[in-house]
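Working notes for the structure below.
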Amino acid sequence: MTTLYGMADSGNCYKPRLLMAKLGIPFTNVEVSSHTGDTRKPDYVAKNPNAMVPLLELDDGRRLAESNAILLYLAEGTRFLPSDRFERALAYQWLFFEQYSHEPYIAVRRALLTFPERARDATPERLATTLERGNKALGVMEQRLAASPFFAGGYSVADIALYAYTHDAGAGGFDLGAYPAVSAWLKRVEADPGHVPMDWLP
Ligand SMILES: N[C@@H](CCC(=O)N[C@@H](CS)C(=O)NCC(=O)O)C(=O)O
């Protein structure tokens with residue numbers, strides 16, 4: 001059976017869990033947590049030299065890292081990857097945006113404020129930078145979602161990737177009330193059939 005190495009409270013790991021739940025793909029979940037240092041232990045690093053979760057392991061033993069690459073692999077041939085060439089490129093655009101302009105600020109600020117082992121990194125400068133850049137990312141999303149119900153045509157991997165940390169941005173000190181189009185989109189994502197919350201496990 002497919003195995004997902006992941007962390008329960010990681011948005012990056014929630015992305016493949018959410019998509020596999022929606023697609024009805026059975027999988028075994030193996031908790032490998034950075035809180036306990038398990039992501040850096042030799043037996044796990046032998047599987048993923050980048051020492052991070054999520055990691056998808058297929059039945060035949062092949063492994064795939066990077067949450068958005070895993071989403072694209074799982075979504076192939078499904079409604080979650082647009083068939084139109086331009087909409088598919090838009091989905092890629094928003095996946096890259098998520099990793100470069102969103103996750104490093106919105107997810108990291110949440111980790112700095114809520115993960116005990118990250119508390120020493122939560123300097124005033126780091127908190128200020130992540131707040132400013134995270135709000136910039138939310139502003140970009142607000143502009144897109146004021147004009148379009150989803151990021152790339154219909155509901156797609158782009159929405160899953162951006163939902164993962166945006167829905168819990170409040171834990172990182174972001175005020176989602178200032179972003180009405182983003183808030184309305186969160187509800188649309190949650191209303192899509194088969195949605196499961198972040199703490200869902202198979
Ligand atoms: N770009 C990677 C980022 C993954 C990532 O940041 N994973 C964190 C958990 S959310 C991790 O494994 N950290 C390991 C550690 O800090 O030891 C992805 O999208 O999969």
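Please treat every number below as a calculation from the coordinates, not as lab data. Here the structure is a predicted model, which is why all the values come from computation and not from measurement. Don't worry about glycine lacking a Cβ; one is built from the backbone with ideal geometry, like all the others, and counts go over all protein chains shown.
Alpha-carbon geometry of region 2-75: the Rg and the Dmax are 11.3, 33 Å, given in that order.
With charges only on Cβ, +1 for K and R and -1 for D and E, what is the dipole size of region 85-191 about its Cα centre, in debye, rounded to 20?
Using Cβ point charges on Lys, Arg, Asp and Glu, region 85-191 gives about 120 debye.
Beyond 27 Å between alpha-carbons counts as too far, so tell me which of Lys22/Lys136; Lys136/Lys187; Lys41/Lys136; Lys47/Lys136; Lys41/Lys187 fall in that bin. Correct reply: Lys22/Lys136; Lys41/Lys136; Lys47/Lys136; Lys41/Lys187.
Post the alpha-carbon centroid distance, region 75-98 to region 44-63, in whole angstrom. The two parts, judged by their Cα centres, are 24 Å apart. In a fully extended conformation the segment linking Ala147 and Lys47 would gain 31.8 nm over its present Cα-Cα distance, using 0.36 nm per residue. Can you pull the one-decimal nm distance between simple spin-label points at Glu31 and Leu176, each 7 Å off the Cα toward Cβ? Between Glu31 and Leu176, the label points sit 2.4 nm apart.
Can you tally the net charge around Ala181? Count Lys and Arg as +1, Asp and Glu as -1, for every other residue whose Cβ sits under 12 Å from the Cβ of Ala181.
Neighbour charge sum, excluding Ala181 itself: +2.
Compute a Gaussian network model of the chain, connecting alpha carbons closer than 10 Å, and tell me which residue from Leu81, Leu162, Leu64 fluctuates the most. Of Leu81, Leu162, Leu64, the Gaussian network model singles out Leu64 as fluctuating most.
Dipole magnitude for the chain: about 220 debye, using +1 per Lys or Arg Cβ and -1 per Asp or Glu Cβ, origin at the Cα centre.
When the chain is treated as a Gaussian network with alpha carbon springs shorter than 10 Å, the biggest mean-square fluctuation among Val182, Val45, Val32 belongs to Val45.
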